[in-house]
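The values are calculated or read from the model by the stated rules, or taken from the named source; none is laboratory data. Just so it is clear, the structure is predicted and the values come from calculations on it, not from any experiment. Backbone-built Cβ (ideal geometry, glycine too); neighbour counts: all protein chains shown. These area figures cover heavy atoms from the full protein model, side chains too; ligands, DNA and RNA do not enter into them. Shrake-Rupley method; radii C 1.70, N 1.55, O 1.52, S 1.80 Å.
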Amino acid sequence: MNDDGLDPLIHVPTRLKIVATLAALPDGDTLSFTRLQDMIGLTPGNLIIHLRKLEEADYISSEKTRNGAALQTTVALTSHGRAALDSYTQALRDLLGGL
């Protein structure tokens, strides 16, 4: 966290889009990697890099499942990630409210 309370991990615009998109889902719901990729408009490699950083911080979880020959990855926002987004959002409101 910065002194202003803005989490630098979430503050990166692409990661903010990812976290916000997942936060719009009901708690516990998942989104497929390809659907998230389409919604955010990232290349697979770019999305993987951002998801790894978020997963290392326990902001998201991912699961790989096999459906026949196809492998599907789903991602979800963790309770820790939801709390981090709530804190980030409040810090941003506080910052903007002081202007």
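Against the definition (over 14 Å from the mean Cα position of the chain (by Cα) and in a loop (DSSP other than H, G, I, E, B)), how does residue 4 come out, yes or no? In short, yes.
The residues of region 22-31 that are modelled with pLDDT of 95 or more and over 9 Å from residue 76 (Cβ atoms), listed by number, are 23, 24. Any chance region 29-51 includes a residue that's loosely packed, with under 15 Cβ neighbours inside 10 Å, touching a Leu at 6+ places or on another chain (Cβ under 9 Å) and among the polar types (S, T, N, Q)? No.
Out of region 71-90, which residues are under 15 Å from residue 61 (Cβ atoms), of a type in the set (Ser, Thr, Tyr) and not in a strand (DSSP E or B)? Even if it seems obvious, please write down each step before you answer.
Just the residues of region 71-90 that are under 15 Å from residue 61 (Cβ atoms), to begin with: 72-85.
Still in the running and of a type in the set (Ser, Thr, Tyr): 73-74, 78-79.
Correct list: 78, 79.
Total residues in region 60-72 satisfying the condition of being surrounded by 15 or more Cβ atoms within 10 Å (Cβ to Cβ) and touching a residue at least 40 places away in the same chain (Cβ under 8 Å): the figure is 1. Can residue 14 be described as among the hydroxyl-bearing types (Ser, Thr, Tyr) and surrounded by 17 or more Cβ atoms within 10 Å (Cβ to Cβ)? When the stated conditions are applied, residue 14 does not pass them. Filtering region 73-97 to residues that are open to solvent by 70 Å² or more (accessible area, probe 1.4 Å) and of a type outside the set (D, E, K, R) leaves 79, 80, 90, 95, 96.
Going through region 17-59 one residue at a time, which ones are part of a helix (DSSP H, G or I), small (Gly, Ala, Ser) and touching a residue at least 24 places away in the same chain (Cβ under 8 Å)? Matches in region 17-59: 20, 23.
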